[in-house]
Structure formats: C-alpha cells, structure tokens
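Undergrad: Here it is, the structure, as structure tokens.
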Amino acid sequence: MATGLSLEHIISFLLGTPMFGDLDAHELSEIVHIMQVQYVRADQILFREGHLGDAWYVVFEGELEVLGGRPTSPHARLLARLGPAACFGEMSILDGSPRSASVRAAKASTVFKFSRADFLDLLDEGNLAAYKLVYHMARQLAVRQRQTTARLNELLREHEDVRVHEELSPIVEVSATAE
C-alpha cells in the first residue's frame, strides 16, 4: 500500500484519470488541497447503503466492491468492482442523498477522499476546476444511466413474464426520460 505519496505523484496520477483529465496542473492543485488520502484495510467498509453521502472518492490502488444490501450479509449483491483511477460516490456531491450502495475494500487499498462540504465550498467560490469536475461527474452519470436503461430494455425483451413487465416497464419509462 502506498506510503509517503508526494504531491507530484498524486497530481500525475489524477491527471491520468478520466475524471481529472481535462484539468491543468494548476486547476488540479486547487482541488488536491481538499483531498484526503485514506488507507483502507481488506474487508473494511468505506460507507453503507442508506448512510448520508458526505464525500466522493478516487481509487489510487487496490480494489473495492460496490454492494447492494447489507455488506456483511451473505446475501449482499456484488454490483461492481473498482480498481485504480475509478471514481465513486459522486452522486452524493450532486444531490446530498443517502448512499444507494455500500462500498467495501476487497483488498488493502488507498483512496483519495473529497469531502462534499469542501467541494461545495469550491463551487460556491466559483472554482473552475470544481465546475469541470461536476461536468465530468454528470457525463459519467449519463453513461451509467444509458447503460441501465439499455439493460432494463434487454430484460424486458428477454422475459415474457407479465409480472416482470409490470415491474420493469415503469422503471424503464422513468429512466428513458433522461435520454
């Protein structure tokens, strides 16, 4: 696990991630000052579904799991695996709603944490870098929305079951309005 990360190393890494790729080094330095480096041990839960979203994250190294349901339950559903350069938790920055999933470290990991309060302060100050990040967050969420809508449509086509259609059709309709 990373120790003694230099500011230069952090900035170089972030500039290589899709979320931060459009920022120049000066803009990134304005964002990095609100960032915290957080070391997470294997099986540690970063946050739980339903808890207040107070930060968003970038994986520096390691692997995390996004889980639906109680993360300590044997019935928790693995929704995604996240590795280096992956961003997560950005919906909380945008709307402040409770978390829609839990995140647990699959192995020892290092993440960069950006608090919602500090990020909102940058937006209130009119910080261009913060606005660029919001734009990238919105684009990423649009991609995820399109993927979800496409998958729901596939499920509707694959299943003849009337109950499945009754359950999924309203969700697809709402989801498709974002297109």
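The values are calculated or read from the model by the stated rules, or taken from the named source; none is laboratory data. What you are looking at is a predicted structure, and each value in this text was computed from that prediction instead of being measured. When we count neighbours, we look across all protein chains shown, and the Cβ atoms used for this are built from the backbone with ideal geometry, even at glycine. The accessibility values were calculated without ligands, DNA or RNA, using every heavy atom of the protein model including side chains. Shrake-Rupley method; radii C 1.70, N 1.55, O 1.52, S 1.80 Å.
Undergrad: How about segment 138-164: which of its residues are farther than 28 Å from Leu94 by Cβ and either open to solvent by 70 Å² or more (accessible area, probe 1.4 Å) or touching a residue at least 12 places away in the same chain (Cβ under 8 Å) (or both)? It would help to see each step written out before you state the result.
TA: Taking segment 138-164 and keeping what is farther than 28 Å from Leu94 by Cβ, we get 156-164.
Selection gives Leu156, Arg157, Glu158, His159, Glu160, Asp161, Val162, Arg163.
Undergrad: Also, quick follow-up: So if I check each of Phe60, Phe20, which one is closer than 20 Å to Met91 by Cβ and either under 17 Å from the mean Cα position of the chain (by Cα) or not β-branched (Val, Ile, Thr) (or both)?
TA: Numbers: Phe60 fails: closer than 20 Å to Met91 by Cβ.
From the options Phe60, Phe20, the qualifying one is Phe20.
Undergrad: What strands (runs of 3 or more DSSP E), lying completely within segment 40-99, carry at least 3 residues that are touching a residue at least 60 places away in the same chain (Cβ under 8 Å)?
TA: Per the criteria, 55-68.
Undergrad: Further question: Any chance segment 85-95 includes a residue that's surrounded by fewer than 19 Cβ atoms within 10 Å (Cβ to Cβ), charged (D, E, K, R), out of contact with any helix residue (DSSP H, G or I) (no Cβ under 8 Å at 6 or more places or on another chain) and closer than 19 Å to Met19 by Cα?
TA: Scanning segment 85-95, I find at least one residue that is surrounded by fewer than 19 Cβ atoms within 10 Å (Cβ to Cβ), charged (D, E, K, R), out of contact with any helix residue (DSSP H, G or I) (no Cβ under 8 Å at 6 or more places or on another chain) and closer than 19 Å to Met19 by Cα, so the answer is yes.
Undergrad: Among the residues of segment 48-68, which ones are over 23 Å from Tyr135 (Cβ atoms), open to solvent by less than 30 Å² (accessible area, probe 1.4 Å) and not hydrophobic (A, V, I, L, M, F, W, C)?
TA: Result: Gly62, Glu65, Gly68.
Undergrad: Can I ask one more? Can you name every residue in segment 69-84 that is open to solvent by 50 Å² or more (accessible area, probe 1.4 Å) and at pLDDT 85 or above?
TA: If the condition is that a residue be open to solvent by 50 Å² or more (accessible area, probe 1.4 Å) and at pLDDT 85 or above, then Arg77, Leu78, Leu79, Arg81, Pro84 are the ones that fit.
Undergrad: Just give me the residues in segment 3-37 being surrounded by fewer than 15 Cβ atoms within 10 Å (Cβ to Cβ), within 21 Å of Ser115 (Cβ to Cβ) and touching a residue at least 24 places away in the same chain (Cβ under 8 Å), in sequence order.
TA: Scanning segment 3-37 gives Leu5, Leu7, Gln36, Val37.
Undergrad: Confirm whether Arg163 is over 17 Å from Asp22 (Cβ atoms), more than 13 Å from the chain's Cα centre (by Cα) and among the basic types (Lys, Arg).
TA: So Arg163 fits the description; yes.
Undergrad: Regarding Leu120, is this residue in a helix (DSSP H, G or I), without any contact (Cβ under 8 Å) to a residue 40 or more places away in the chain and open to solvent by less than 80 Å² (accessible area, probe 1.4 Å)?
TA: yes
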